[in-house]
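Report on one structure; see the data block that follows.
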Amino acid sequence: MSKEQAETANLQALLSKIGSGLDQYLKFEHPDALHEGNSWQSSLDIPLPLKGIGIDRVTEELIKQVIPNGSAVPKPGFTSYITTGAVSVSALASTAANIASPQRYMGTAFNFLEELSLQWLAEMCGIGELEGVYSSGGSVANLIALGGARQSAFEKVGHDVAANGVDRQVRIYASEECHHTIQRSGGVLGIGRRAIKSIACDDMGRMQVEALQEAIAHDLKEEIMPMAIVANAGSTNTGAIDPLLAIGEIAREHGIWYHIDGAYGLPGILDERISHLYQGLELADSVIVDPHKWLGAAVGIAATFVRDRDILQRAFTQEPADYLEGSVEQADNSDAGVKHSLDDFGIPYFDYGVELSSPCRGIVVWAMIREIGVEGMRERVKRHNDIARYIAEFSEQHPNLELLLEPTLSICCFRYVASAIDDLDQLNQSLHRRLVRENEYMPSTTRINGKLALRPCYIGARHEQQQAEALLEAVLRIGTELVVEQS
Ligand SMILES: *Cc1c(COP(=O)(O)O)cnc(C)c1O
């Protein structure tokens, strides 16, 4: 056996070592990576090695120096932003794909599950009639959807914009709470970030429909071509859901592409108590969801859904290339020519977006749904929504807490208050810094109608109500300490 063969044959033992290192990591007994006294940086910061140390010693370094100094994101008390650690089955499935099916083309079982998982995901999220494509995250998923929107708007005026470029001014309407990757998509798609018209929200963070109507009427008068309306199904800031039905009807009335950004919040539809907020989803021309947010996939998995993927193919085609020519037996609607996994490129996902080489991502979504089913996902989503409501009710009742926004999904915005303190923003800012330094309960902050809020977001499979109870205790304890220090 050559050296390489010996190494790959040893995968079982090596993965098992990494597995014990990760099990240890998931006990979260180590200090934060940047805790004083940690020495990993000096041991890792070595010059470019001319000679290698071999796979066993690399594995050892991973276990000793790297894994224990990983991220605080997977900790159960981490509730910042909208991100969490992956569930174990996600890591298992993507490891399997890394080795056994490195590309998402050709006829493999992994690529079969790429499509099946997209259908499952769509059906689970109430958009079963749409067709999907995976990409690396919500940012790219929004870009792909808006690439479809751009193609559609320009085709209506007889212009192939993907081939020939933008030839007139267009507009995207999105609420002031939209994710800023919508603006970036405008830049990448050549229509400009300034082409995104920011539509005012009500004090619950939802797009104001009248303001949207006025903006469209104004642009039509100026002969600016509407390209898309973007609505949030769960805003990044607070989890607010725009009035999807009313916005969808406006889109229909004007024949404007309707995009719904459900990167975070689309799985919220699984909670029957709030599923009515998703009425209007059926009017969408494109929808995105991030399995790497609420569903618990490792970072690097988002999905874009559209009515017909042909529009994406026209928007993102690479056009024919010599290095592909004749490399695949075209089966001409019969399976006669398909006898080997290399005979069939499969569904051309590589022409539905911006990536050619790409890992199989559906395998992870398949594994997660297969593991706990739709019922398991529903239970998790409801548990997280309940935790946000628990914090809301507790804050309303406690004299030293103030609820700043009624939660829609699994984010709750509240703050510490004390009558002796004038500058509550500064107080909550200091409180937040102390919380984070304690390294146990780590929400992020935001502003709600001008006020600085603590903003825990519960999306992790490891999130339970007891972490919310402990967070509230910590907030009250630190708040009291700060008030004593400051008065
Ligand atoms: C997180 C988020 C995005 C961006 O997604 P990434 O996966 O971080 O690239 C886009 N839109 C919304 C509403 C989000 O919450």
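The values are calculated or read from the model by the stated rules, or taken from the named source; none is laboratory data. As the structure is a computational prediction, the values presented were derived from the model and not from experiment. Because the Cβ atoms are built from the backbone with ideal geometry, glycine has one as well, and the counts that use them run over all protein chains shown. Surface areas here come from the heavy atoms of the whole protein model, side chains and all, with no ligands, DNA or RNA. Shrake-Rupley method; radii C 1.70, N 1.55, O 1.52, S 1.80 Å.
Here are some notes:
- Test: residue in the stretch 429-437 that is under 27 Å from Ala298 (Cβ atoms), touching a helix residue (DSSP H, G or I) at 6+ places or on another chain (Cβ under 8 Å), open to solvent by 10 Å² or more (accessible area, probe 1.4 Å) and without any contact (Cβ under 8 Å) to a residue 60 or more places away in the chain: no
- In the stretch 276-290, the qualifying residues are those that are open to solvent by 10 Å² or more (accessible area, probe 1.4 Å) and either of a type in the set (Ser, Thr, Tyr) or not in a loop (DSSP other than H, G, I, E, B) (or both), and the one that is nearest to the ligand (Cβ to nearest atom) is Leu277.
- Among all positions in the stretch 31-47, there is at least one residue which is among the aliphatic types (A, V, I, L, M) and under 27 Å from the mean Cα position of the chain (by Cα).
- The stretch 161-269 holds helices (runs of 4 or more DSSP H) entirely within its bounds, and those carrying 2 or more residues that are away from the ligand (no atom under 13 Å from the Cβ) and acidic (Asp, Glu) map to 209-221, 244-254.
- Flag if Leu130 is away from the ligand (no atom under 13 Å from the Cβ) and either within 18 Å of the chain's Cα centre (by Cα) or outside the structural domain of Gly265 (by TED's automatic domain parsing) (or both): no
- Residue selection: Ala149 fails the criterion of being away from the ligand (no atom under 14 Å from the Cβ), in a helix (DSSP H, G or I) and more than 22 Å from the chain's Cα centre (by Cα).
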